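Okay, so here's the structure we're looking at.
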Amino acid sequence: MSVKQKVSMVSLGCPKNLVDAEVMLGCLPSEEYEITTDEKEADIIIVNTCSFIREAKQESVDTILDLAERKHDARCTLLVVTGCLPQRYQEELGAELPEVDIFIGTGEYPRIAEILAEKRTTPGQLRYVGDPNFVFDPDLPRLNSSPSYTAYLKIAEGCSNRCSYCVIPTLRGDLRSRPFDQVLKEARELVAGGVKEINLIAQDITAYGRDLAESRTLEMLLAELVKIEGLQWLRLLYAYPDGITDELIRMIRDEEKICKYIDIPLQHISDPVLKKMGRRGGEIEIRRLIGRLRSAVPDLAIRTSLIVGFPGESDDDFQRLVQFVEEVRFDRLGVFCYSREEGTPAAEMDDQITERVKRLRYKKLMKVQARVSFKQNRRLIGTVEQVLVEGYSDETDLLLKGRSSRQAPDIDGLVYITAGTANVGDIVSVRVTDSSDYDVIGEIV
Ligand code: SF4
């Protein structure tokens, strides 16, 4: 009997990338490969990369170089780089990263086992980068690497919007919604396997179904998903603002399983900037949308992401953005400095903003948001939140930690529990007793 090869996966970037990594791991036959979380003992290390913005690319390259060292001082014999970075820079990477044995683009994930087998008899560096047309089929095995009670569910791949700063349509292709029944099948399987929380993801979840032959929408999908027995939380991530319908808002309000949470990347508020970004809708529509959401679902947690330093963003545009953040009081906010990505229309625009000004604007907006977030969290004191227990605090075993239904995994703050006991994966009622800028503290009631 041949010895199994140990494989370790490092997945960088967003949850959408993580799902791809999980598919690749699932596609490796267990008779030949064993998964390990310890890179030091891996024969094969796979780095699933992100190249969305400059910081992400830098992190990918640094991680590859760091892991390449393992080929000298540990047992790793094969370094494989997958995902967005090779998809985008297939020509340049081979020469710049000779330590890498195989490059695999975003369209070739299901072929991973076949490619690894091919490498055994093919010397030299190999590259498999084609059209970015992969769309996950639930009949492909997937190894859920998130804790057993939670999972991301990818409902579509690619994006047909054309925001002028964004390279994703080039890397991932146009929108390809997964067939309705396949998404439901995967959701049922996840719940049967113990998952209580499903986080729906896509580049834009509101676009779901627009490309399918039969009439299917996100709302239709949610109507079926909430019927799954055992599923407790359904969370909506990445919704394009103009795709949020009255029906969707009604479902968030009325369906108990749908978390009172939505992530709507707005990117900016100033009309001239939004126009240059190629975004649909302007300030009036955005403010109207926030008003509709808040009046229908007063306890809704709204997350957004904003870009500062987009070409041509004037002091006035930025001030408008600061004022907007102060007024709207987002519960969660991610701020990004504009990253000039070759191949995108925005990279060719005049009036690029200096890195120094971008950083200053970033810091200012984050400072404003820290104050907003602190105040939002103070308002929770005395309320009771449903909290999914995730384990012990990193600092002490005396403190449990978890997330409320209004906090998404990996990105939002946490709830620290100072009194009461529960098991990991339990959903319990917690009375909030204190708060900080981004986290809250409470007791099980
Ligand atoms: S909607 Fe999102 S993924 Fe699609 S082009 Fe715009 S920023 Fe990129």
Residue list for the range 50-71, filter: in a helix (DSSP H, G or I), buried (at least 16 other Cβ atoms within 10 Å of the Cβ) and touching a Ser or Thr at 6+ places or on another chain (Cβ under 6 Å):
Lys57, Ser60
Those residues of the range 338-364 that are buried (at least 19 other Cβ atoms within 10 Å of the Cβ) and either touching a His at 6+ places or on another chain (Cβ under 8 Å) or not in a loop (DSSP other than H, G, I, E, B) (or both) come to a total of 3
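For Asp437, are the conditions met, namely being more than 28 Å from Val195 (Cβ to Cβ) and not aliphatic (A, V, I, L, M)?
Values: more than 28 Å from Val195 (Cβ to Cβ): yes; not aliphatic (A, V, I, L, M): yes.
In short, yes.
Looking for something in contact with a Gly (Cβ under 9 Å, 6 or more places away or on another chain) and of a type in the set (Ser, Thr, Tyr) - is there at least one such residue anywhere in the range 366-376? Write out each step before concluding.
Narrowing the range 366-376 to residues in contact with a Gly (Cβ under 9 Å, 6 or more places away or on another chain): 373.
From what's left, of a type in the set (Ser, Thr, Tyr): 373.
For the range 366-376, residues in contact with a Gly (Cβ under 9 Å, 6 or more places away or on another chain) and of a type in the set (Ser, Thr, Tyr): present.
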Testing Leu140 on (1) part of a helix (DSSP H, G or I); (2) surrounded by fewer than 20 Cβ atoms within 10 Å (Cβ to Cβ); (3) more than 16 Å from the ligand (Cβ to nearest atom), one condition comes back false. Which one is that?
(1)
Scan the range 241-260 and give yes if some residue there is of a type in the set (Gly, Ala, Ser) and out of contact with any Asp or Glu (no Cβ under 7 Å at 6 or more places or on another chain), otherwise no.
no
Give the range 409-424 a look and list any residue that's surrounded by 18 or more Cβ atoms within 10 Å (Cβ to Cβ) and either of a type in the set (Phe, Trp, Tyr) or over 19 Å from Tyr261 (Cβ atoms) (or both), or say none.
Tyr416, Ile417
Qualifying positions in the range 72-103 - crowded, with 22+ Cβ neighbours inside 10 Å, under 18 Å from Ile168 (Cβ atoms) and either of a type outside the set (S, T, N, Q) or not assigned by TED's automatic domain parsing to the domain that holds Tyr33 (or both)
Gly83, Cys84, Leu85, Pro86, Arg88
If we keep only residues of the range 300-322 that are of a type in the set (D, E, K, R) and surrounded by 14 or more Cβ atoms within 10 Å (Cβ to Cβ), then the residue nearest to the chain's Cα centre (by Cα) is Arg303
Can you confirm whether Thr106 is in contact (Cβ under 8 Å) with a residue 60 or more places away in the chain, within 16 Å of the ligand (Cβ to nearest atom) and in the same structural domain as Gly230 (by TED's automatic domain parsing)?
no
Return yes when Leu248 is within 12 Å of the ligand (Cβ to nearest atom), in contact with a helix residue (DSSP H, G or I) (Cβ under 7 Å, 6 or more places away or on another chain), part of a helix (DSSP H, G or I) and within 30 Å of Val308 (Cβ to Cβ) and no when it is not.
no
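Here's the yes/no breakdown for (1) out of contact with any Pro (no Cβ under 9 Å at 6 or more places or on another chain); (2) over 29 Å from Val308 (Cα atoms):
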{"residue": "Gly391", "(1), (2)": "no, yes"}
{"residue": "Leu400", "(1), (2)": "yes, yes"}
{"residue": "Val415", "(1), (2)": "yes, yes"}
{"residue": "Tyr438", "(1), (2)": "yes, no"}
{"residue": "Gly442", "(1), (2)": "yes, yes"}
Mind listing just one residue for me: the one in the range 77-91 that is at pLDDT 85 or above and not in a strand (DSSP E or B) and, of those, farthest from the chain's Cα centre (by Cα)?
Thr77
Considering only residues that are buried (at least 21 other Cβ atoms within 10 Å of the Cβ) and outside any strand (DSSP E or B), look in the range 147-159 and name the one that is farthest from the ligand (Cβ to nearest atom).
Ile155
Can you tell me which residue among Leu171, Leu225 is closer than 23 Å to Thr106 by Cα and out of contact with any His (no Cβ under 6 Å at 6 or more places or on another chain)?
Leu171
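The values are calculated or read from the model by the stated rules, or taken from the named source; none is laboratory data. Just so we're clear, the structure is a prediction, and the values are computed from it rather than from any experiment. We place every Cβ from the backbone using ideal geometry, glycine too, and count neighbours over all the protein chains shown.
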